[in-house]
1. Enumerate the amide H contacts of V18 below 5 Å, restricted to partners 5 or more residues apart or on another chain; note that Pro and chain-start residues carry no placed amide H.
2. Starting at the first residue of region 32-38, write each ³J(HN,Hα) from the Karplus equation 6.51 cos²θ - 1.76 cosθ + 1.60 with θ = phi - 60°, in whole Hz, x for Gly and Pro.
3. Mind checking which lysines have their C-alpha under 20 Å from K37, skipping anything on the same chain fewer than 8 residues away?
4. In nanometres, what is the gap between the two model label sites at E56 and D28, each 7 Å from Cα along Cα-to-Cβ?
Amino acid sequence: MCTLLEEAFTLGRIDKGVKCNVSGCGRDAVRSLSGVKVKAAGLKVGSEKRAYLCKEHYKEYKKRTKKDKQLEKWRYSA
Ligand SMILES: [Zn+2]
């Protein structure tokens, strides 16, 4: 429940025609996220305020953030 609510707040609505702003991409965006978060995940975005991600880059973002969490867990248990 909490994570769903959180997502509703952090993921803004995407206007039609908004493109992914990872450098060199330009596909249609499906998600808007905090640019800081996206940069922290290692994706190159132009803006730190708002980042728009296409399906593929959103997948990559999720993959990378998941990896970070696993790494943290691993670090704590070591
Ligand atoms: Zn993209």
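1. Correct list: A29.
2. The phi angles translate into 10, 9, 5, x, 4, 4, 5 Hz.
3. K19, K49, K55, K59, K62, K63, K66, K67, K69, K73
4. My value for the distance between the label points is 1.6 nm.
Values in this text are rule-based calculations from the coordinates and carry no lab data. Just so you know, these numbers come straight off a predicted model, no measurement behind them. Heads up, the Cβs are rebuilt from the backbone with ideal geometry, glycines too, and the neighbour counts pull from every protein chain shown.
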